[in-house]
Every structure is written in C-alpha cells, then in structure tokens.
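Just below is one structure, and these are the notes that go with it.
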Amino acid sequence: MERIVIEGGRGLRGDIQISGAKNAALPLIAATLLTPGWHTLHNVPNLRDTRTIMALLEAMGVRWEWAPDGPLRINSEHLVGNEASYDLVKTMRASILVLGPLVARLGCARVSLPGGCAIGARPIDFHLRGLARLGCTIALNDGYVDAKIDGRLRGGTVYFDIPSVTGTENILMAASLAKGDTVIKNAAREPEIGNLVDMLTLMGCGIEGRGTDTLVVHGVRELRPAEIAIIPDRIETGTYLMAVGAAGGEVVLRNCNPKHLPALLEKLHAVGLDIEVGETSIRVARRGPLRNVDITTMPFPGFPTDLQAQFMALMSMGNGLAVIHENIFENRFMHVAELRRLGAEIHIDGHSAIVTGVERLRGAQVMATDLRASASLVVAGLAAEGSTIISRIYHLERGYANLVEKLAKVGAAIRKEKEPS
C-alpha cells in the first residue's frame, strides 16, 4: 500500500497537461465490443479503471495493444465469452457498460452487479428497464444480470426518470445494433455522451440530437471499427483549478476544454480567482483572499457532483459561509470527516453541507474514502500548514493520471511513499 505526503503552503506555478477523460474512455472502450476489427483510441488515460476494463475485455478474448504514450488499439474479433465476472466488476461500477454491447452483438450477456465507490446506491434500474424496452429479457440471478434477446434488439422509446450518464451510454450502444429507431428521452447531456455519439457515428450508426436531452438512434445491422480521440478530462481540469485556488500561484492548464466546465468557471470567478480562458487552455491565478459561495450539484451543464468535494475543500479556507447542496448522490459527504481532521469547519444538514471558512488548515493524517474525496484531501493538503498524509490512495489512482508528478512539476511539495508496515 502507498500513501501521499504533502508539505502544504507552497504556491503553484507552471503548466499542467490535462489527460484524457476517464468517464469518456470507459464507454468508448466498451463500444469496441460492438463489432470486430481494430479500433484506435487516442488520448486514453493510463489509470486503474482503464486497466480494469481492459482486463475485463481481455478475459472475454479481446486483443489489445497499448504502447507507452501511444494510442490504444482494440480488436474483439475473437470474442469468446459473454460474462463479466464479479472478480473484475467489483472494483469499478462502470463495468456495467459492457452489458449493452454484449447483448446487442451476441444476443445474451451475463454481467455481475457492479461495485466501485461507496457514494450512494446508483441503481442500474435505468439500464435494465431501457434494455427491456428494446426487447431484452432480464433476470437477476446470484448477483448477476442475465440478459438475452430473441433474434435482434428492436428500436423503442426509452425514458429516464432522471438523466443517467451510464444508462444513456448503455442504451446508445445497444440501440446502435437494434432494428429500427430508438428514442432516448431525458437523456444525459454530459460531454462524455457526446464523445460516445461521435464514435458510434464513425462506426456507421446515425444519431440525432447530440448535446440535447432527446437522442434518436437509427440502428444498423452492422458497424465498422473507428478511430477517435478521448476528450480532455473536465474533472481533472476542475480539480487542478481548485488546487491552484487553495495553494495560490498561477498555472496554465493545457489540452483542456473550457466549454465543458461552465458552472465551475462561473463559481470560481465569484470565489475571486483570476480565470483566463483560451480555446484549449485555462490560465488560473489566485492573488487575494477567497470569497465563499454556494453551489448545488446538478446534471450537465450544472455544477458536477464529481467536483463537489474539491470545491468544499476550497471553501473551507475562504471568507464567510458556503452552502453546498448535493442533489446527485445521497452519500457523497464522506470526505467531510477527513476535512475536519485538517481543521475545516463543516456542518452536515441532510443533503447540504454548511462550510464556515477558517483562517488556515493544518496538516494531519487522513484517509481517502472514494475517488473524488481523495482529490479533495489533496486540494486541502496543498494549503494546510505542515504535513498532510493521505492513505488509501488507490482510490485516487482510479481517476487521476500522474497527479503527484503533475503537481510536483508546478512546485508542490508532494510525494508518494510506501505505507509503514
């Protein structure tokens, strides 16, 4: 086991290159199951989660090549299995994304109920009801989803009670090989969905409504391999923006897309950070005190739930009160107890957190509880006086490529080391 040690209080200066988006890479990798042939994916982040889904595909006979700093090439021509076992699925909830492609191509699939971060129930009912609307028979047996169809999936209308990102992605992939048209209503509009729509279009499927909450998929009998780039990671971008806000200094984030972070950039302006937006870059600087502001997490284009913990860490050292409403996941305040260990003053009231800014945070030993919670502890640790030691960083490595190296390059006193035995 490893841990991260941060000596806080150092300003950050320089450039940070943003990696490809984990939440875009995973569905695009799953989409390669839809048809044989060599697919080529550029800008794939080398993360624990991407390695997990590749191991999952490899166990089903998929071949792949991934040279250092090169594209990921995937070929499912020799697909020999339709089962995603618990041993691989338990560590990553996004593994459910193989369900739609497998049942669409093979006519049946057996996928373990997923695991991942313990930040809420996140039911897969949306996936299952949507597939049922396309003619799929679903059964839950011994912790597995067993799905099968008679012949070929049939187009239909799928309505989501609330926008579901992975639910939308699963139905998009399944519908691409369905007979007829599928209409997805109240679809998620996140940029990662647009990346998948672009890939499915390159594969030969016609899709209308990109970027809206209504998607129309014109299913085809066969698809072809595609070559596409993964979009920049907006959550990584936002995390580094708030790291600079916490630590101070001036940093340019490169290879990012500012259009993917409208709500966050507006809030960071209100907080008092200097933000300069380019086509593929963001310059951020902190030159004065922070002003606390309120946020409410919402589906895109609202404030992302995946940046709530990091924003809370930033507000813990601002002036005044900040009220943070979490509307997406019911159990996404587990980082609060750890931020309190660093001296933050945070009160929980149902789905809201009331943050009273303090003059300074102080380093302490803390423990990551989930992926984004671990990022919030890094943000806080960069500003805290003394040493902050973060354990269980395997959560962090699921979603951030080379975080320690990137922050060290811009002046942070941060290192990774072995946990004492």
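Worth a mention:
- Note on the chain: dipole from Cβ charges, positive end direction compared against 374, 17, 239; the farthest Cα belongs to 17.
- Unit charges at the beta carbon, dipole of the chain: most positive-side option, 209, 176, 323: 176
- Global form of the range 68-114, assessed from the alpha-carbon gyration tensor, a/c cut-off 1.5: oblate
- FRET efficiency, 1/(1 + (r/R0)^6) with R0 25 Å, evaluated for residue 202 and residue 157 via beta carbons: 0.50
- Cα shape, the range 315-356, gyration tensor, a/c 1.5 rule: oblate
- Only Lys, Arg, Asp and Glu carry charge here, each on its Cβ (+1 for the first two, -1 for the last two); on that basis the chain has a dipole of about 180 debye about its Cα centre.
- Taking every DSSP beta bridge that has both ends in the range 22-229, the antiparallel portion is near 75%.
- In the chain, the DSSP beta bridges split such that about 70 percent are antiparallel, to the nearest 5.
- Three-way shape call for the range 22-229 based on the alpha-carbon gyration tensor, with the a/c threshold at 1.5: rounded
- Cα Rg, Dmax (largest Cα-Cα span) when computed across the range 295-421, Å: 14.2, 45
- Among complete DSSP H helices in the chain, those whose alpha-carbon atoms stretch at least 18 Å along the helix's long axis and whose mean Kyte-Doolittle hydropathy reaches 1.0 are 371-383.
- Antiparallel DSSP beta bridges within the range 342-416, percent to nearest 5: 55 percent
- Based on DSSP H segments of at least four residues, each scored -39500 (n - 2.57), the chain has a per-residue ellipticity at 222 nm of -8500 deg cm²/dmol.
- Signed unit charges on C-beta, dipole axis of the chain, positive-most listed residue 354, 223, 281: 281
- For residue 419, the shell of other residues with beta-carbons less than 11 Å away shows a net charge of +2, using +1 for Lys and Arg and -1 for Asp and Glu.
Here, each number is a calculation from the coordinates, and none is a lab measurement. These figures come from a predicted structure and were not determined experimentally. When we count neighbours, we look across all protein chains shown, and the Cβ atoms used for this are built from the backbone with ideal geometry, even at glycine.
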